[in-house]
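Before any comments, here is the structure.
The values are calculated or read from the model by the stated rules, or taken from the named source; none is laboratory data. Just so it is clear, the model here is predicted, and its values are computed rather than measured. Every residue, glycine as well, gets a Cβ built from its backbone with ideal geometry; the counts of neighbours run over all protein chains shown.
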Amino acid sequence: MEFVTYEQDGFVGIVTINRPKALNALNSDVLKEIEATFDAIDLDATRAVILTGAGEKSFVAGADIGEMSTLTKEEGEAFGKVGNDVFRKIETFPIPVIAAINGFALGGGCEISMSCDIRICSDNAVFGQPEVGLGITPGFGGTQRLARLVGAGKAKEMIYTAFNIKADEAYRIGLVNAVYPQAELMDAAKKMAAKIAKNAPIAVRASKKAINEGLDVDMDQAIVVEEKAFGSCFETEDQRAGMEAFLNKTKVDGFKNK
Ligand code: CAA
């Protein structure tokens, strides 16, 4: 891998986009490597993933403008599909993915963070969808996920004005869950990932799937999605151990993912 590194830290996988010369901008090669990295994650050994960018200036400064500058309509659409497919893989990845946003999250950078389950950022983070200023629409999910996360009015304002927002505003509108000093961001992400990893993995994964799938359907169907998820956890070793421990006033010493 040239542009993406992967580190396994206990049950936590850390994926770092590493193309500092272009502020970690996403060209086709970077997208391919992100996809290959997620494909290679051992789901038996990993219970949460952190996605971040290399350096202290940028998480991801967007899709690669140089690569996009000469695309035809057909090539543009195909490039959008490549990004969308990779981001959808992250969104539907069986285990939770936390975006640790360590600087610029513009265009495709804001979009990849929105395909993650949870976003936390450093105090120097900057978010935005600057695409219309480049003559294009957001193309890796921005027109869809931003409105779902912060509401249509705020998403439209951000996209139509192409105006960037700082970390405190991203927190205020609910785009990120928390803001940390840069030096504390990765520790905070690791702490959150460790808390997730301590819980019963089958239940965490079923919760992710149920939340995602339920948001795509009406409430009558959504509660059925939940019932299936809920039911699927019963008769697992971890369900039995978790409830037995509660009843015995003890704690489970490590869920087994069984
Ligand atoms: N694509 C390609 N190269 C990029 C890039 C991008 N999105 N963002 C930054 N770079 C490159 C710059 O061209 C520059 O390269 P050189 O040193 O070779 O000139 C290098 O990274 C450093 O960038 P700057 O000198 O511009 O750094 P800065 O501190 O002055 O500014 C910035 C930082 C405000 C993030 C600025 O780089 C910037 O505005 N970048 C573009 C942001 C953007 O518009 N992103 C959206 C892209 S479109 C998109 O993502 C479409 C989609 O939805 C799929």
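Results, tabulated for the structure shown:
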{"item": "Qualifying residues in region 120-155 (those that are free of Cβ contacts under 8 Å to residues at least 24 places away in the same chain and among the hydroxyl-bearing types (Ser, Thr, Tyr)) - the one farthest from Ala188 (Cα to Cα)", "result": "Thr137"}
{"item": "Subset of region 16-40 (residues that are away from the ligand (no atom under 14 Å from the Cβ) and either crowded, with 18+ Cβ neighbours inside 10 Å or under 18 Å from Phe104 (Cα atoms) (or both))", "result": "Thr16, Glu33, Thr37, Phe38"}
{"item": "Filter result (touching a Ser or Thr at 6+ places or on another chain (Cβ under 8 Å) and more than 9 Å from the ligand (Cβ to nearest atom)) within region 57-70", "result": "Phe59"}
{"item": "Any hit, region 237-258, residues being in contact with a Ser or Thr (Cβ under 7 Å, 6 or more places away or on another chain) and more than 17 Å from Pro96 (Cβ to Cβ)", "result": "yes"}
{"item": "Matching residues, region 84-105, being out of contact with any Gly (no Cβ under 6 Å at 6 or more places or on another chain), more than 12 Å from Cys116 (Cα to Cα) and crowded, with 22+ Cβ neighbours inside 10 Å", "result": "Gly103, Phe104, Ala105"}
{"item": "Matching option when the condition is buried (at least 17 other Cβ atoms within 10 Å of the Cβ), at pLDDT 95 or above and touching a Cys at 6+ places or on another chain (Cβ under 9 Å), among Ala206, Ala241, Ala210, Ala229", "result": "Ala206"}
{"item": "Tally, over region 71-88, of residues that are under 19 Å from Ile101 (Cα atoms) and either out of contact with any helix residue (DSSP H, G or I) (no Cβ under 8 Å at 6 or more places or on another chain) or within 9 Å of the ligand (Cβ to nearest atom) (or both)", "result": "2"}
{"item": "Leading residue by the ranking (surrounded by the fewest Cβ atoms within 10 Å (Cβ to Cβ)) among those in region 106-133 that are away from the ligand (no atom under 12 Å from the Cβ) and among the aliphatic types (A, V, I, L, M)", "result": "Ile118"}
{"item": "Odd one out for Asn199 among (1) of a type in the set (S, T, N, Q); (2) buried (at least 16 other Cβ atoms within 10 Å of the Cβ); (3) within 16 Å of the ligand (Cβ to nearest atom)", "result": "(3)"}
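Quick grid of which residues meet (1) farther than 30 Å from Lys57 by Cβ; (2) out of contact with any Pro (no Cβ under 8 Å at 6 or more places or on another chain); (3) among the polar types (S, T, N, Q):
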{"position": "Thr161", "(1), (2), (3)": "no, yes, yes"}
{"position": "Val176", "(1), (2), (3)": "no, yes, no"}
{"position": "Met192", "(1), (2), (3)": "no, yes, no"}
{"position": "Ala200", "(1), (2), (3)": "yes, yes, no"}
{"position": "Val204", "(1), (2), (3)": "yes, no, no"}
{"position": "Ala222", "(1), (2), (3)": "yes, yes, no"}
